[in-house]
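One structure is given here, and the rest of the page talks about it.
The values are calculated or read from the model by the stated rules, or taken from the named source; none is laboratory data. Remember, predicted model here, so these are calculated numbers, not experimental data. All Cβ positions, glycine included, derive from the backbone under ideal geometry; neighbour counts span all protein chains shown. What goes into the accessible areas is simple: the full protein's heavy atoms, side chains included, and nothing from ligands, DNA or RNA. Shrake-Rupley method; radii C 1.70, N 1.55, O 1.52, S 1.80 Å.
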Amino acid sequence: MPEPVGSPAVTVFFEDPFWVAVFQRYENGKLSVAKVTLGAEPKNSELYELFLKNYYSLQFSPAVDVVVKEAKKNSKRIQREIRKAMDTPGVGTKSQQALQLQREQNKQERKARSRDAKQAEAQRRFELKQQKRKNKHRGR
């Protein structure tokens with residue numbers, strides 16, 4: 001069953017050694033994800049408070065297209081899949097893709113900032129060296 005437009009979802013699981021909450025947001029058929037490391041096992045009230053206070057300050061990943069499959073008719077197969085999903089902790093693959101995309105974006109931004117800082121430092125050193133040469137040349 002597809003998620004309603006704009007509905008948020010939270011998945012909490014244990015990722016040794018911390019508890020992790022993954023917030024999923026569906027908008028216009030696209031999925032965005034934010035991951036929060038919680039530390040100790042959270043209570044429902046703590047999760048609710050986190051959701052209410054920090055939801056709009058979370059950094060969500062870029063949106064990923066989500067293809068919703070039709071519900072299957074075979075009830076035993078559905079029960080088996082539900083049991084299997086409950087036994088395997090973790091995040092859905094689309095969520096993982098969205099988080100990976102966010103990490104890649106952050107990496108690109110970090111590289112660009114680092115590159116700009118290195119160029120600025122090299123330019124500053126060059127200008128300082130030129131000024132020293134100019135001062136030497138003038139006999140000072």
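If one takes the longest principal axis of the Cα atoms in the chain, at what angle in degrees, from 0 to 90 and to the nearest 10, does the Cα axis of helix 93-137 lie?
Computed tilt is about 10 degrees.
On full extension of the chain, what length is gained from residue 87 through residue 48, given 0.36 nm per residue of separation minus the C-alpha to C-alpha distance? Walk me through the intermediate numbers first.
On the way: separation 39, 0.36 × 39 = 14.04 nm, distance 2.43 nm.
11.6 nm is the gain from fully extending residue 87 to residue 48.
Classify the chain as rounded, prolate or oblate, taking a ≥ b ≥ c as the square roots of the eigenvalues of its Cα gyration tensor: rounded when a/c is under 1.5, otherwise prolate if a/b is larger than b/c and oblate if not.
prolate
If you take every residue apart from residue 110 with its C-beta less than 12 Å away from the C-beta of residue 110, what net charge results, scoring Lys and Arg +1 and Asp and Glu -1?
+2
If you count only protein heavy atoms with a 1.4 Å probe, what accessible area per residue comes out for the chain, rounded to a whole Å²? All intermediate terms of the calculation are to be shown ahead of the outcome.
Numbers: 11540 Å² over 140 residues.
Solvent-accessible surface per residue comes out at 82 Å².
How far, in degrees from 0 to 90, does helix 75-87 lean away from the longest principal axis of the Cα atoms of the chain, to the nearest 10?
That helix lies at roughly 40 degrees to the long axis.
Anyone know which of 94, 76, 30 comes out most mobile in the 10 Å Cα GNM of the chain?
Sorting by GNM fluctuation, first place goes to 76.
Taking amide H positions as placed in the peptide plane 1.01 Å from N, state which residues far from residue 27 in sequence (5 or more) or on other chains have amide H under 5 Å from it.
6, 32
Along the charge dipole of the chain, which of 36, 102, 120 sits closest to the positive end, that is, farthest toward it, with unit charges on the beta carbon of Lys, Arg, Asp and Glu (+1, +1, -1, -1)?
120
Nearest 10 degrees is fine. How inclined is helix 44-54 to the longest principal axis of the chain, computing both from alpha carbons?
40
How long is the gain from residue 56 to residue 13 if the chain were fully straight, where each residue apart is worth 0.36 nm and the alpha carbon distance is subtracted?
Stretched fully, the residue 56-residue 13 segment lengthens by 13.3 nm.
Report, to the nearest whole %, how much of the accessible area of the chain belongs to carbon and sulfur atoms, 1.4 Å probe, protein only.
Working: 5880 of 11540 Å².
The computed percentage sits at 51.
Scan around residue 10 for amide H atoms under 5 Å from its own, H built in the peptide plane at 1.01 Å from N, and keep only partners 5 or more places away or cross-chain.
Hits under the 5 Å cutoff: 24.
Length gain on complete extension for the stretch residue 123 to residue 135, per 0.36 nm per residue less the alpha carbon to alpha carbon distance?
Working: separation 12, 0.36 × 12 = 4.32 nm, distance 1.83 nm.
Result: 2.5 nm gained on full extension.
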